[in-house]
1. Keeping all protein chains in place, calculate the accessible area per residue for the chain (probe 1.4 angstrom), answer in Å².
2. Assigning unit charges at the beta carbon (Lys, Arg +1; Asp, Glu -1) and nothing else, what dipole magnitude in debye, to the nearest 20, does the chain show about its Cα centre?
3. Of the accessible area of the stretch 44-136, with the probe set at 1.4 angstrom, what percent is carbon plus sulfur?
4. Computed on alpha carbon atoms, what radius of gyration and Dmax characterise the chain, expressed in Å?
5. Between Glu71 and Met1, what is the label-point separation in nm under the 7 Å Cα-to-beta-carbon projection?
6. Are there trypsin sites (Lys or Arg not before Pro) in the stretch 39-109 that DSSP puts in a loop and that have at most 16 other Cβ atoms within 10 Å, and which ones?
7. Kindly provide the helix-only [θ] at 222 nm of the chain, computed as the sum of -39,500 (n - 2.57) over DSSP H runs of four or more divided by all residues, to the nearest 500 deg cm²/dmol?
8. Could you state how much accessible area Glu107 has, in square angstrom rounded to the nearest 10, with a 1.4 Å probe and all protein chains kept in place?
Amino acid sequence: MLEIAQAKLRSKQLKITRVRTNVLAAFLSTDYALSYTDLQAILPDKEDKVTVYRTLKKFKEEGIIHEIEDENANKFAVCNHTCSKEEHKDSHAHFKCNSCTRIYCLETPDVNLSLPKGYQMQQYNLSIKGICMQCV
């Protein structure tokens, strides 16, 4: 996973550091969104809080991850699209499990939203709650 993380950092023309590599590898090794606390539990070394937050901010800016607002703690997930500095393509549904509280990015369901005249959509965030496949 470390090699894949480093390749992704290279493709974004980012400096490859141990922290960046480990943080991105942690995201790539899960299929659900991670909070800062989740990351600290997964990372192989105890990392400086400020450095991890700066890494998350840089990854968001570069279109590597996107942020998901949650009532407990904001979470982050890898962008599955060709997101970039200039444009995030994060309009998709999120599924939160009521049992394990994990949040998953869903490419489907595809939602067609029609807004009243005079409104222009730039992004949407659809949140679905229920029980995930792991907890059924």
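The values are calculated or read from the model by the stated rules, or taken from the named source; none is laboratory data. This one's a predicted model, so the numbers in the text were calculated from it and none came from an experiment. Glycine gets a Cβ as well: all are built from the backbone with ideal geometry, and neighbour counts include every protein chain shown. These area figures cover heavy atoms from the full protein model, side chains too; ligands, DNA and RNA do not enter into them. Shrake-Rupley method; radii C 1.70, N 1.55, O 1.52, S 1.80 Å.
1. Values: 8750 Å² over 136 residues.
On a per-residue basis, the chain sits at 64 Å².
2. Details: 19 positive and 17 negative charges, 76 e Å.
The dipole of the chain has a size of about 360 debye.
3. Details: 3040 of 6440 Å².
Ligands and nucleic acids excluded, carbon and sulfur reach 47 percent.
4. Every Cα atom of the chain included, Rg and Dmax give 15.8, 52 Å.
5. 2.9
6. Details: sites: Lys46, Lys49, Arg54, Lys57, Lys58, Lys60, Lys75, Lys85, Lys89, Lys96, Arg102; in loops: Lys46, Lys85, Lys89, Arg102.
Taking the stretch 39-109 and a limit of 16 other Cβ atoms within 10 Å, the loop trypsin sites (Lys or Arg not before Pro) found are Lys46, Lys85, Lys89.
7. Details: 4 runs with 41 residues, N = 136.
Value at 222 nm, helices only: -9000 deg cm²/dmol.
8. For Glu107, the solvent-accessible surface is approximately 90 Å².
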